Amino acid sequence: MIYQGKAHKYGRDVDTDVIIPARYLNTSDPKELGKHALEDLDSEFVNKVSSGDMLVAEENFGCGSSREHAPIAIKAAGVSCVIAKSFARIFYRNSINMGLPILGCSEAVDGIKSGDKIKVDTETGEITNLTTGVTFKATPFPDFIRGIIEDGGLINYLKVKVGSPCLPTGREEK
């Protein structure tokens, strides 16, 4: 899949408590969580982000509590993809399971500034800074992870693979 949007850049060790503060964990409604994404790190984030924009961060993005609310909040806020130098392992898996593409690429993080327009191709792993014209290479997702993301998360992916007449998937089998 190809994603394109504006970069919102943050530092290292952005933990799940600032991605979605614990005071909002009394709901699992994506729309409600999205309204509060990153508010303790950047109180204006939800007012600045547009659908399709991307987060770019330094090392250890998503560290802290292992809550799936964090990638849900990011995705619901309109973020299409996260690029970082590294991710906390549980956040990485939770993101894939929730259908949020995340790519590790130190060179891209170093070569992207807040406000830059960027394009990501998860099939090839190419990350292009459209503002500067520079392209970076991340490891592309294997087919099964691309499938999970394209289906909107692990649950929908399994619905497609297993085929349940009671559970709509939103995607036709190919």
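Only the coordinates and a few stated rules stand behind these numbers; no lab work does. Remember, it's a predicted structure, so these values are computed and weren't measured experimentally. Using ideal geometry, Cβ is built from the backbone for each residue, glycine included, and neighbour counts are taken over all protein chains shown.
Summing Lys and Arg as +1 and Asp and Glu as -1 over all other residues whose Cβ lies under 13 Å from the Cβ of Arg93 gives a net charge of +1. Within a straight-line Cα-Cα reach of under 18 Å, Lys35 can be paired with the following aspartates and glutamates, leaving aside sequence neighbours fewer than 8 residues apart in one chain: Asp15, Asp17, Glu44, Asp53, Glu68.
This ranking places Glu126, Glu107 by how few other beta-carbon atoms lie within 10 Å of each, fewest first, which gives Glu107, Glu126.
Checked against a 26 Å cut-off, the cross-linked pairs Lys75/Lys159; Lys137/Lys159; Lys9/Lys119; Lys6/Lys161; Lys9/Lys161; Lys6/Lys75 give Cα-Cα distances beyond that limit for Lys137/Lys159; Lys6/Lys161; Lys9/Lys161. Once Cα extents along the principal axes in Å is calculated for the structure shown, the corresponding label among (1) 43, 36, 26; (2) 71, 31, 26; (3) 47, 39, 27 turns out to be (3).
Computed from the alpha carbon atoms alone, the convex hull of the range 6-101 holds 77 Å³ per residue. 3J(HN,Hα) couplings calculated from phi for the range 71-82 with the Karplus curve 6.51 cos²θ - 1.76 cosθ + 1.60 (θ = phi - 60°) are, in sequence order, x, 4, 5, 4, 5, 5, 6, x, 6, 8, 6, 10 Hz; Gly and Pro show x.
Residues Ser86, Ser66, Ser80, arranged from fewest to most other Cβ atoms within 10 angstrom of their Cβ, appear as Ser66, Ser86, Ser80.
Considering only Thr139, Thr122, Thr16, the Gaussian network model of the chain with Cα springs below 10 Å gives its largest mean-square fluctuation to Thr139.
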